[in-house]
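First comes the structure, then the notes that go with it.
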Amino acid sequence: MSCLFDSISYFLRINSFETRQKICDYLEANNEIMSGLDTKLLLQLEDPNYISKMRRTTTWGGAIEIKAASNIWNIKIIVYIDRIHNKKIEFIPISGYYIGSIGIEWQGNHYVPIVRN
């Protein structure tokens, strides 16, 4: 699969393939990922075949998929890019409302879920 989808699905308690497909379905339906931004146009600028490539289990996900997941599941996703210095990016649903939050860490080329005991 992909470490991003594995990390998000860890908290959702669904498999990473299903997580990936739901995110791709959301993007394909041209749902907003950010207020005032045309999702379809953004993805076409990135790559005309963006969604079909993202559906492949070998394709890595990134900020677009994190933002879509935040919107779909109404969760705040905190991506730590340097936990020592508390550098992070917070993804909040477009509605501004979220039911919980999850943390994942970006390690330069790999995402891992942050599990708190």
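Any chance the range 21-42 includes a residue that's without any contact (Cβ under 8 Å) to a residue 40 or more places away in the chain, among the hydroxyl-bearing types (Ser, Thr, Tyr) and in contact with a Leu (Cβ under 7 Å, 6 or more places away or on another chain)? Show your work before the answer.
First, pick out the residues of the range 21-42 that are without any contact (Cβ under 8 Å) to a residue 40 or more places away in the chain: 21, 24-25, 28-30, 36-42.
Checking the rest, the ones that are also among the hydroxyl-bearing types (Ser, Thr, Tyr) come to 39.
Narrowing further to those that are in contact with a Leu (Cβ under 7 Å, 6 or more places away or on another chain): 39.
Yes, the range 21-42 contains a residue that is without any contact (Cβ under 8 Å) to a residue 40 or more places away in the chain, among the hydroxyl-bearing types (Ser, Thr, Tyr) and in contact with a Leu (Cβ under 7 Å, 6 or more places away or on another chain).
Please state which one of Glu28, Glu18 is of a type in the set (Asp, Glu) and either surrounded by 13 or more Cβ atoms within 10 Å (Cβ to Cβ) or over 20 Å from Arg56 (Cβ atoms) (or both). Reasoning before the result, please.
Values: Glu18 fails: either surrounded by 13 or more Cβ atoms within 10 Å (Cβ to Cβ) or over 20 Å from Arg56 (Cβ atoms) (or both).
Exactly one residue qualifies, and that residue is Glu28.
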Would you be able to say whether some residue in the range 59-74 is more than 25 Å from Gly100 (Cα to Cα) and either of a type outside the set (Lys, Arg) or surrounded by fewer than 18 Cβ atoms within 10 Å (Cβ to Cβ) (or both)?
yes
What number goes with the only condition from (1) crowded, with 19+ Cβ neighbours inside 10 Å; (2) over 20 Å from Trp106 (Cβ atoms) that Arg13 does not pass?
(1)
Selection count where residues are within 22 Å of Glu105 (Cα to Cα), out of contact with any Phe, Trp or Tyr (no Cβ under 7 Å at 6 or more places or on another chain) and exposed (fewer than 13 other Cβ atoms within 10 Å of the Cβ), scope the range 35-58
1
Strands (runs of 3 or more DSSP E) contained entirely in the range 20-109, each with at least 2 residues that are at pLDDT 90 or above, over 16 Å from Asp6 (Cβ atoms) and in contact with an Asp or Glu (Cβ under 6 Å, 6 or more places away or on another chain)
75-82
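The values are calculated or read from the model by the stated rules, or taken from the named source; none is laboratory data. In this text the structure is predicted, and so the values were computed from the model without any measurement. Cβ sites come from the backbone with ideal geometry, for glycine too, and all protein chains shown count toward neighbours.
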